[in-house]
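All remarks here apply to the structure that follows.
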Amino acid sequence: MSQWPTVPLGEVITHRKEFIQINELETYKRCRVQLHAQGVVLRDQVAGTEIKTKKQQVCRAEEFLVAEIDAKLGGYGIVPPDLEGAIVSSHYFLFGINEDKIDRRFLGYYVRTPAFHKQVAAQGSTNYAAIRPSHVLSYSIPLPTLTEQRRLVERIDALATKIEEAKGLRCKASHATGWLVETALDSIFEKAAANQRWPRVPLRDAATINRGKFAHRPRNEPRFYGGDIPFIQIGEISASRQYIRQFSQTLNEQGLHISRKFPKGTVVIAITGATIGVTGILDFDSCFPDSIVGIQPKQGVSTSEYIYWAVEYEKHKALSQATQTTQPNINLQKLDSLTIPLPTEVDQRKFVEHIGTIRSKSDALKDHQREIQTELNAMLPAILDRAFRGEL
């Protein structure tokens with residue numbers, strides 16, 4: 001356990017409360033604190049005319065900035081040099097740091113520890129989230145000599161740099177993993193095209209294509225909802241990993257009467273909206289709105305899984321020809337005439353099995369990388385905990 005003396009923050013920082021009058025002819029940088037002690041960042045740059053409250057505080061680089069309301073959620077940090085002169089409202093507190101007593105980097109690391117956050121979270125009643133400057137000044141901090149502070153900061157910096165390097169390598173590996181399936185698709189389809197092994201046919205020759213047939217929203221037409229007929233929306237396609245196994249809405253028989261039900265195994269694609277082009281396979285019979293198209297493989301000609309991958313590979317052509325309005329749309333005729341390679345059903349099944357194996361390996365790698373990311377994210381807090389217990 002650390003033998004360092006513990007002192008109130010008020011011995012090393014000073015509350016500074018100075019306001020300026022906003023000039024409507026000038027432009028100002030505004031900053032904000034991120035939650036969970038993730039630092040101070042630029043919020044925006046605005047003209048003085050856009051700032052409603054004309055009395056603001058001006059930040060100085062390397063001051064300690066605390067959010068009155070968000071402090072208990074880790075809303076505090078050191079002002080970086082590039083935010084010198086940025087403004088904040090009266091709902092923030094600024095504290096000058098006495099660097100004759102404490103290294104600002106030492107303070108910057110300490111406020112990221114659970115020990116400091118516990119002090120902030122425990123302040124005052126649970127019904128009142130805000131804190132006051134006097135609370136901040138009363139928080140305690142271990143205070144070794146400046147020489148020891150700097151030694152500790154250099155040690156933490158070195159370890160933090162290694163952690164960031166490891167995160168960078170993990171990020172590159174993650175990007176590479178994300179390309180595995182796409183690279184495999186490119187290789188297979190390009191090789192088939194070069195050998196002229198698989199004929200290209202319009203999508204309509206391999207599948208039946210129909211648009212969803214329901215445009216009523218629950219808030220406008222509640223009488224159609226609440227039955228036992230699944231009704232998917234684009235969000236369910238986006239959230240799926242190929243197979244759509246969840247739905248957030250249902251229709252009743254009255255809703256079904258003005259809709260169209262598609263069978264399990266239908267390939268669906270969003271033809272409008274922000275996530276235009278997202279694709280999935282229904283794992284249950286379902287209805288859906290007219291912003292989604294259902295592609296039903298023709299029996300004896302194609303399979304659901306093969307159509308899914310072929311559309312995934314070729315859909316960029318339909319997307320490139322999407323109508324560029326306020327909300328882009330894939331023209332149904334363009335989708336209908338989209339050409340895809342069409343091997344025999346035997347070859348389709350071999351293809352799907354091969355791509356499925358690659359995707360399973362890719363998913364396993366992604367899961368492993370997420371575990372590594374979690375471990376890397378936990379390393380710096382663990383290092384800080386040891387450091388401020390005098391064990392580093």
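Do we find that PRO222 is farther than 17 Å from LYS315 by Cβ, touching a Phe, Trp or Tyr at 6+ places or on another chain (Cβ under 9 Å) and not polar (S, T, N, Q) in this structure? So PRO222 does not fit the description; no. Summed over the range 11-47, residues that are small (Gly, Ala, Ser) and out of contact with any Ser or Thr (no Cβ under 7 Å at 6 or more places or on another chain) total 2.
Return the pairs, sorted by first residue and then second, in which the second residue is at pLDDT 65 or above, the first residue lies in the range 117-128 and is of a type in the set (S, T, N, Q), the beta carbons are less than 6 Å apart, and the residues are 6+ apart or on different chains. Filtered contacts from the range 117-128: GLN119/TYR139; GLN123/ILE131; GLN123/HIS135. Listed conditions (1) at pLDDT 90 or above; (2) surrounded by 15 or more Cβ atoms within 10 Å (Cβ to Cβ) are all met by PRO328, apart from (1). The listed residues are GLN233, GLN242, and the only one of them that is open to solvent by less than 50 Å² (accessible area, probe 1.4 Å) and modelled with pLDDT of 85 or more turns out to be GLN242. Please verify whether ASP336 is at pLDDT 95 or above, open to solvent by 10 Å² or more (accessible area, probe 1.4 Å) and under 30 Å from HIS354 (Cβ atoms), treating the condition exactly as stated. So ASP336 does not fit the description; no. Contact map, the range 157-172: residues that are over 14 Å from GLU375 (Cα atoms) and free of Cβ contacts under 8 Å to residues at least 24 places away in the same chain paired with residues that are of a type in the set (A, V, I, L, M, F, W, C) and part of a helix (DSSP H, G or I), Cβ distance under 7 Å, separation 6+ or inter-chain. No pairs are found. Could you please let me know if ILE20 is open to solvent by less than 80 Å² (accessible area, probe 1.4 Å) and closer than 19 Å to GLY85 by Cβ? When the stated conditions are applied, ILE20 passes them. Looking at this structure, is GLY108 surrounded by 13 or more Cβ atoms within 10 Å (Cβ to Cβ) and not in a strand (DSSP E or B)? Taking the combined requirement at face value, the residue satisfies it. For the range 383-392, the criterion of being within 30 Å of PRO341 (Cα to Cα), surrounded by 14 or more Cβ atoms within 10 Å (Cβ to Cβ) and either among the hydrophobic types (A, V, I, L, M, F, W, C) or over 27 Å from the mean Cα position of the chain (by Cα) (or both) is met by none of the residues. For the range 237-286, filtering for residues that are hydroxyl-bearing (Ser, Thr, Tyr) and under 23 Å from VAL352 (Cβ atoms) leaves 6. Kindly check whether there is at least one residue in the range 73-80 that is of a type in the set (A, V, I, L, M, F, W, C) and either open to solvent by 30 Å² or more (accessible area, probe 1.4 Å) or at pLDDT below 95 (or both). Yes: one or more hits. Taking the criterion of being touching a strand residue (DSSP E or B) at 6+ places or on another chain (Cβ under 7 Å), part of a loop (DSSP other than H, G, I, E, B) and open to solvent by 50 Å² or more (accessible area, probe 1.4 Å), would at least one residue in the range 166-183 satisfy it? No: the range 166-183 contains no residue that is touching a strand residue (DSSP E or B) at 6+ places or on another chain (Cβ under 7 Å), part of a loop (DSSP other than H, G, I, E, B) and open to solvent by 50 Å² or more (accessible area, probe 1.4 Å). Conditions first: (1) modelled with pLDDT of 95 or more; (2) touching a strand residue (DSSP E or B) at 6+ places or on another chain (Cβ under 9 Å). GLY10 passes all but one, so which condition is the exception? Condition (2) is where GLY10 drops out. When restricted to residues that are acidic (Asp, Glu) and either touching a residue at least 24 places away in the same chain (Cβ under 8 Å) or touching a Pro at 6+ places or on another chain (Cβ under 9 Å) (or both), the range 341-361 contains 2. Residues in the range 273-321 that are of a type in the set (A, V, I, L, M) and over 30 Å from PHE224 (Cα atoms): VAL301, ILE307, ALA310, VAL311, ALA318, LEU319.
The values are calculated or read from the model by the stated rules, or taken from the named source; none is laboratory data. Just so it is clear, the model here is predicted, and its values are computed rather than measured. For neighbour counting, all protein chains shown are included, and Cβ atoms are generated from backbone atoms with ideal geometry for every residue, glycine included. Areas reflect the complete protein model, heavy atoms only, side chains present, ligands, DNA and RNA absent. Shrake-Rupley method; radii C 1.70, N 1.55, O 1.52, S 1.80 Å.
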